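> Have a look at the structure that comes next, please.
The values are calculated or read from the model by the stated rules, or taken from the named source; none is laboratory data. Every value quoted in this text rests on a predicted model; they were computed, and no experiment measured them. Cβ placement follows ideal geometry from the backbone for every residue including glycine, while neighbour counts extend to all protein chains displayed.
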Amino acid sequence: MDEAQKVRQEIQFDTDSTTIRFRLGSQPLFGMGEGLTGLDRRGTRDGMRNGEGSRGLRTAGARLPIPWLISPEGWGIFVGQPFGSFDLTKDLGIVRSSFATSTRNVYLIIGDTPAELLRGYADLTGYPHLPPLWALGYMQSHRTLASRDEVLGIAKTFREKKLPCDALIYLGTGFCPSGWNTGHGSFTFNEDGRVATYTKRHHIPGLESGYTVGDGPGLLGAGESVAICKDMDFQRTLRSDAAAGARTGSLGVMLVPAWDFNADGWMHARMAVLRGVEGGYAVVRAAANGLVTVSDSRGRLLGSRPSGKSAYASVVVDVPRGPGATTYVRIGDVFGWLAGLVGLALLGWSAVRRLGSDPEGVARGL
C-alpha cells in the first residue's frame with residue numbers, strides 16, 4: 001500500500017510449500033534477466049536456468065536469469081530464493097522453488113517511475129563498479145596460435161598499423177587440440193611489458209599423456225614465480241624452484257593456477273600450503289573444482305573459498321611476501337636422513353648391548 005492508501009501489490013506465501021504468489025495487474029511486465037526474446041514477460045514461464053540451453057540462444061544469447069520483475073503500475077519484486085521458476089501465464093504470478101528454506105526472501109519495491117524502482121533495486125543489490133578504461137576498448141582474441149613469437153607478432157602488428165587494441169586474449173591454455181600450447185602452460189605479462197612463459201612439469205598419468213613437459217622453474221622476477229596444479233605435489237621440484245629464486249634475490253610469492261577433482265581439493269590445497277612453508281614463500285592458488293586459497297610462508301591460511309567447474313570464485317586478501325630460501329631449501333632432507341641414520345644406530349647399539357648383557361642366552365640360541 002502506497003502513501004495514497006492504494007494497494008499496488010499483494011504477495012501470498014503458501015504455508016505448506018515454497019510457492020509464492022503475487023498480483024500481475026494489467027500492464028506489461030519487464031525484467032527476468034538476459035537471454036529472453038521480446039520485452040513483455042506476461043504470459044511466459046521460465047525455469048530461471050542459466051547457460052546456453054535456451055530456445056532463444058541464436059537471437060537473444062545465453063540465458064542469465066535475474067529474479068527481478070518490474071511493472072509500470074509502480075511495483076517491482078525481487079525474489080532472493082535459489083533455483084526458482086516463474087509462471088506469469090495467469091492473473092497471479094507464481095514462483096516455485098525446489099529447495100525448502102526456513103525463510104523466503106521476497107523484496108517489494110514501490111515507486112512512481114521506473115527510475116525510482118530501479119534505484120530501489122540498485123540500493124538492494126548494489127551498484128556496479130566502474131571498469132578500467134582499457135576494459136571498454138577493443139580486445140583481440142585467438143585460440144590456436146603456433147608460437148610465442150606469433151602472439152607477440154600480433155601485438156606488434158596492431159601497433160605498427162596504429163590500430164586500436166587494449167587487450168590480447170589467448171585461449172589456448174589447457175586441453176587445446178592444436179596451436180602453440182597443447183598442454184598446460186602459463187603466459188604472463190609483467191608490468192614492464194616483458195612476457196614470461198612457463199610449461200607444467202608434472203602431468204596426470206593417462207589424462208595428460210602426450211602434453212609438453214616443462215624443463216625449468218617459472219620465475220617471473222621481482223620475487224614471484226608460477227607453478228601449475230600437480231607441480232605443487234612434488235617436493236623436490238618446488239625446493240629446486242625456491243633455490244633458483246634465491247640465486248636471483250628471493251622467492252616471496254608462488255602463483256598457482258590449478259584444476260582439482262572436487263574430492264581432492266582440500267588435500268591439494270594443503271599440499272601447496274606445505275610447499276610454501278618449505279620454500280619460505282606465500283602461495284596464491286586459484287583452482288577450479290576445488291578451493292581458491294591464499295596462504296603465507298608460515299602456513300597460515302589467509303583466505304579460502306570453494307570453487308566449482310564454471311562458477312566464479314574469488315578471495316581478496318593482503319598477501320605478505322615470504323622471506324625466501326629457508327634452511328630446508330639450503331640443506332634439503334639432510335636432517336631427515338641424519339635422523340634416520342641416528343635411529344638405525346640406536347637400534348644397532350641397543351641390540352649389541354642386549355647381546356653383551358646376556359652371552360649365555362646368545363649361546364643357547366645358537
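> Looking only at strands (runs of 3 or more DSSP E) that lie completely in segment 211-315, which have at least 1 residues being at pLDDT 90 or above?
Fully inside segment 211-315 and qualifying: 224-226, 253-259, 282-288, 291-295, 301-306.
> So which strands (runs of 3 or more DSSP E) stay within segment 1-113 end to end and still have 1 or more residues that are touching a residue at least 12 places away in the same chain (Cβ under 8 Å) and on the phi > 0 side of the Ramachandran plot?
Those strands (runs of 3 or more DSSP E) span 30-34.
> While we're looking at this one, here's another question. Check off (1) part of a helix (DSSP H, G or I); (2) assigned by TED's automatic domain parsing to the domain that holds Ser250 for Leu338 and give me the number that stays unchecked.
(2)
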